[in-house]
Amino acid sequence: MPRRLGSTALSALLFLCLFNSAVAGTAKSAGPEPPKAPKHPMVDTYWGEKVTDDYQYMENVSDPPVAKWVKGQNAYTRAWLDGHPERKAILDRIVALTHSESPRYYSVTYQNGLYFFMKDQPPKQQPSLVVLTSVSDVASERPVVDPNTIDPTGGTSIDFYSASLDGKYVAVSLSKGGSEDGTLYFYETATGRRLDEVIPRVNGGTAGGSATWNADGSGVYYTRYPREGERPAADLPFYLQIYFHKLGTQVSADPYVLGKEFPKIAEIQLSTSPDGRSILADVFNGDGGEHSYWLLAPGAAWTQVTRFEDGIVQGKFGMDDALYLLSRAGAPRRKILRLPLSTPTLSAAKVLVPETENAIEGYTPTASRLYVTEMIGGPTQIRVYDLSGNAMGLVTMSEISLVGQAARTTGDDVLVRSQSYTHPPAYYRLGPNDTQLKPTALAQSSPADFSDCEVRRVFAPADDGTKLPINIIIKKGAKLDGQSPTLLYGYGSYGISEQPYFQPDLKAWIEQGGIYADASVRGGGEFGEEWHQAARLGTKKVSMDDFAACARYLVREGYTKKERLAIEGGSAGGLLVYGTVVHYPDVMEAAIAHVGYGDVLRTELAPNGEFNTTEFGTVKDSVQFRGMYGYSPYHHVKNGKTYPSILALTGVNDPRVPSWDTYKMVARLQASGSPNKVLMRVSYDSGHGIGTALSERDQQQADALLFLLDRLGVKYQPIQGKQSAGKSGPSL
């Protein structure tokens, strides 16, 4: 167990004096150098290992000297970025490419003849909730909840929504400033009128949140964090539980339903059976991929169907009075079980779809079909089965694509959302006898035209010989002469896979001669659970080893050279970037880390950090601590070492990765004596990225692109002529 060793009050007072002197006057002018952070050593002892931390004081982000240093750092970064005359042209190009006149639809729910969608429509700052009566006619669309009308500043966003089974009402969680601190509101679908009920603390950046309706639409089951006074202040981001609210009643009288049995770090997702008679609670044990399932059946109390150790990772209601369960027990690429609701014990479940050569990513049961999304190392496809487990067909795309999970509508009909690196997302219809996807009217077109690009899928050898997929977006006919500026992106955590998402801003990079490489490193889920487990807890450094191997491959095969190579990642991908930078500083020239973890040993002291212990490990376990200490980026920065240039981005409202992780990492890298730039960009109006306003997203993308071009020695070439010339459309 860790033990803290503090310092005297006298030395603390001296530190504050030195700190104030060091940062004086930096907030107004960046000056020639960023403000230096004084060292204030603290020592933690873990399992007999003494670990010195010079910047632990930065974890108190509200301390005035820390806040002043942060403002000074941001001012220096802002002056450096804004001092480049090409920045305005870069921002204008980002806006031209990403502000599509064609809307982006996502997150569909079908209820009683109505299609509910989230809709992203620049120049609106936030996506809104809309409803359509036909996916073949966009004229049938009408607004339901528009955060841009509620808050014209763009600071309010939708966390999640849940439509009643009859489609009459919708429950919507709204939060501000990227905080993800969601309050539940109720709206009438037909008119957009908001009802009087308001339920605070239903959603958060630690455990998320959820709501689902009862059969007749008279009330909702919802998640709620403790209110002030119900638990100590330190426990308020934990202990998510389930309550029930009946419309027209006092929220203060809502009865507790379930959750006292759950762990402190429980995350809960709720769903209702198609007939409204049953409720399912999917309970996560933090972020490490363990789930348990609880069922509320008609006339019965809540029943625990599966435990964390059973290996069930998804559960969905069918239309045939059954639960369909995704299991990794004895099947690392997963199998699908069918469990009758009449016998809700796991022992009664039967294998419907056994494990195959491809990892099962998701599935949708309908009246007589089961649409199964298969992961093929990143790209996906849909295989169709009947409810006896007989394979009926395969739906694929002609390119490296993401074929999304099917959304049930009526009978055996589903909607499928597909996209690729070079084609924007579109919704398609798929029926029980269809052999290919059928277009709907909900297809986005984009000013980012990738018709002059190709996508190559290659495999880099890891140090142990494992083949690591890399999808490369490159201009057709580009020479592999080692001179192209190249950006390598990765994530590699939580079993989350790198998939072919359409990113219009990438065109601004490729226009400047750039190559984009999307790497699938271990820790993700591209090849099932074994791929995830290979870089989890004490073996997390494997992700960083893999990422470095991908970087070396790109150089070796002539795509680029070290001086023209940058790496990028966000959140857990920020940890990947920091770790690769400090353990393999010689394989790249520059790095961008968005809202990344740096100090792995102390991150678990932040609220969301405790949820992450099931993925990254805990210092309370001696074996896990040794592995964590072996890869923690913050603890492996060496004085006198030359590190790549780094742009570190964070948001002060981030509920998932505390901003102090970035502060400490930047302070340590700047103190190392490395001659290369270490810049810190701070957003004071956003958090982890969820709910970030469109204008701030534009600014972040422009700053990242400018940094890359500068550090890799690329002179920005303005795009001549009409900037929106050419368009990308759906691939079908």
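Worth pointing out:
- For first residues located in the range 654-668 and among the hydroxyl-bearing types (Ser, Thr, Tyr), partners that are surrounded by 24 or more Cβ atoms within 10 Å (Cβ to Cβ) and part of a helix (DSSP H, G or I) and lie 6+ apart or on another chain with Cβ distances below 9 Å form the pairs SER659/VAL70; THR662/GLY574; TYR663/MET58; TYR663/TRP69; TYR663/VAL70; TYR663/GLN73.
- Subset of the range 616-630 [in contact (Cβ under 8 Å) with a residue 12 or more places away in the chain and either touching a strand residue (DSSP E or B) at 6+ places or on another chain (Cβ under 6 Å) or over 20 Å from ARG656 (Cβ atoms) (or both)]: VAL619, LYS620, SER622, VAL623, GLN624, PHE625, ARG626, GLY627, TYR629, GLY630
- Of the listed requirements (1) surrounded by fewer than 22 Cβ atoms within 10 Å (Cβ to Cβ); (2) touching a residue at least 12 places away in the same chain (Cβ under 8 Å); (3) more than 21 Å from THR614 (Cβ to Cβ), PRO263 misses just one: (3).
- Residues in the range 42-78 that are farther than 18 Å from SER672 by Cα and of a type in the set (Ser, Thr, Tyr): THR45, TYR46, TYR57, SER62, TYR76, THR77.
- Residues satisfying the criterion are absent from the range 534-547 (criterion: of a type in the set (Phe, Trp, Tyr), part of a loop (DSSP other than H, G, I, E, B) and surrounded by 24 or more Cβ atoms within 10 Å (Cβ to Cβ)).
- Condition check for ALA37 on (1) closer than 28 Å to PRO655 by Cβ; (2) assigned by TED's automatic domain parsing to the domain that holds THR662; (3) out of contact with any strand residue (DSSP E or B) (no Cβ under 6 Å at 6 or more places or on another chain): one failure, at (2).
- Sole residue being in contact with a Leu (Cβ under 8 Å, 6 or more places away or on another chain), closer than 21 Å to GLU568 by Cα and at pLDDT 95 or above, chosen from LEU415, LEU487, LEU468: LEU487
- GLY569 within 16 Å of TYR631 (Cβ to Cβ), outside any helix (DSSP H, G or I) and at pLDDT 95 or above: yes
- Within the range 332-363, the set of residues being surrounded by 21 or more Cβ atoms within 10 Å (Cβ to Cβ), small (Gly, Ala, Ser) and part of a loop (DSSP other than H, G, I, E, B) comprises ALA349 only.
- Scanning the range 587-621 for residues that are in a helix (DSSP H, G or I) and among the small types (Gly, Ala, Ser) yields a count of 1.
- In the set (1) in contact with a Leu (Cβ under 7 Å, 6 or more places away or on another chain); (2) within 21 Å of GLN111 (Cβ to Cβ); (3) crowded, with 21+ Cβ neighbours inside 10 Å, the condition left unmet by VAL305 is number (2).
- In the range 378-392, of all residues being surrounded by fewer than 22 Cβ atoms within 10 Å (Cβ to Cβ) and within 30 Å of the chain's Cα centre (by Cα), the one that is nearest to ILE470 (Cα to Cα) corresponds to GLN381.
- Residue in the range 582-596 that is surrounded by fewer than 21 Cβ atoms within 10 Å (Cβ to Cβ), in contact (Cβ under 8 Å) with a residue 12 or more places away in the chain and out of contact with any helix residue (DSSP H, G or I) (no Cβ under 6 Å at 6 or more places or on another chain) present: yes
- Of all residues in the range 70-96, those satisfying the criterion of being surrounded by 21 or more Cβ atoms within 10 Å (Cβ to Cβ), in contact (Cβ under 8 Å) with a residue 60 or more places away in the chain and not aliphatic (A, V, I, L, M) are GLN73, ASN74, TYR76, THR77, ARG93.
- Residue within the range 482-501 that is surrounded by fewer than 23 Cβ atoms within 10 Å (Cβ to Cβ), of a type outside the set (Gly, Ala, Ser), more than 30 Å from ASN612 (Cα to Cα) and out of contact with any His (no Cβ under 8 Å at 6 or more places or on another chain) present: yes
- Candidates ASP463, ASP449, filtered to the one that is in contact (Cβ under 8 Å) with a residue 40 or more places away in the chain, over 23 Å from TYR105 (Cα atoms), assigned to a loop (DSSP other than H, G, I, E, B) and of a type in the set (D, E, K, R): ASP463
- Checking VAL372 against (1) part of a strand (DSSP E or B); (2) modelled with pLDDT under 95; (3) surrounded by 19 or more Cβ atoms within 10 Å (Cβ to Cβ), the condition it does not meet: (2)
- For the range 166-188, the condition of being part of a loop (DSSP other than H, G, I, E, B), crowded, with 17+ Cβ neighbours inside 10 Å, among the polar types (S, T, N, Q) and not assigned by TED's automatic domain parsing to the domain that holds PRO424 holds for at least one residue.
- When residues in the range 111-147 are screened for being within 21 Å of the chain's Cα centre (by Cα), within 22 Å of LYS168 (Cβ to Cβ) and of a type in the set (D, E, K, R), 1 of them pass.
- Being assigned to a strand (DSSP E or B), touching a residue at least 12 places away in the same chain (Cβ under 8 Å) and either crowded, with 20+ Cβ neighbours inside 10 Å or assigned by TED's automatic domain parsing to the domain that holds ALA426 (or both) holds for only one residue in TYR115, TYR106, and it is TYR115.
- Matching option when the condition is more than 28 Å from TYR491 (Cβ to Cβ) and part of a loop (DSSP other than H, G, I, E, B), among GLY393, GLY389, GLY378: GLY389
Table: residues versus (1) free of Cβ contacts under 8 Å to residues at least 12 places away in the same chain; (2) out of contact with any Leu (no Cβ under 7 Å at 6 or more places or on another chain); (3) closer than 29 Å to ASP654 by Cβ.
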| position | (1), (2), (3) |
| --- | --- |
| GLY205 | no, yes, yes |
| GLY217 | no, no, no |
| LEU240 | no, yes, yes |
| PHE244 | no, yes, no |
| ASP254 | no, yes, no |
| ILE268 | no, no, yes |
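- When THR466 is tested against the conditions (1) among the polar types (S, T, N, Q); (2) buried (at least 20 other Cβ atoms within 10 Å of the Cβ); (3) touching a helix residue (DSSP H, G or I) at 6+ places or on another chain (Cβ under 8 Å), the lone failure is (2).
- Scoring PHE527 on the criteria (1) part of a loop (DSSP other than H, G, I, E, B); (2) among the hydrophobic types (A, V, I, L, M, F, W, C); (3) in contact with a Ser or Thr (Cβ under 8 Å, 6 or more places away or on another chain) leaves a single failure, condition (3).
- Which listed residue, of GLY276, GLY299, GLY248, GLY288, is surrounded by fewer than 18 Cβ atoms within 10 Å (Cβ to Cβ) and at pLDDT below 95: GLY299
The values are calculated or read from the model by the stated rules, or taken from the named source; none is laboratory data. Here the structure is a predicted model, which is why all the values come from computation and not from measurement. No Cβ is skipped: glycine too gets one built from the backbone with ideal geometry, and neighbour counts run over all protein chains shown.
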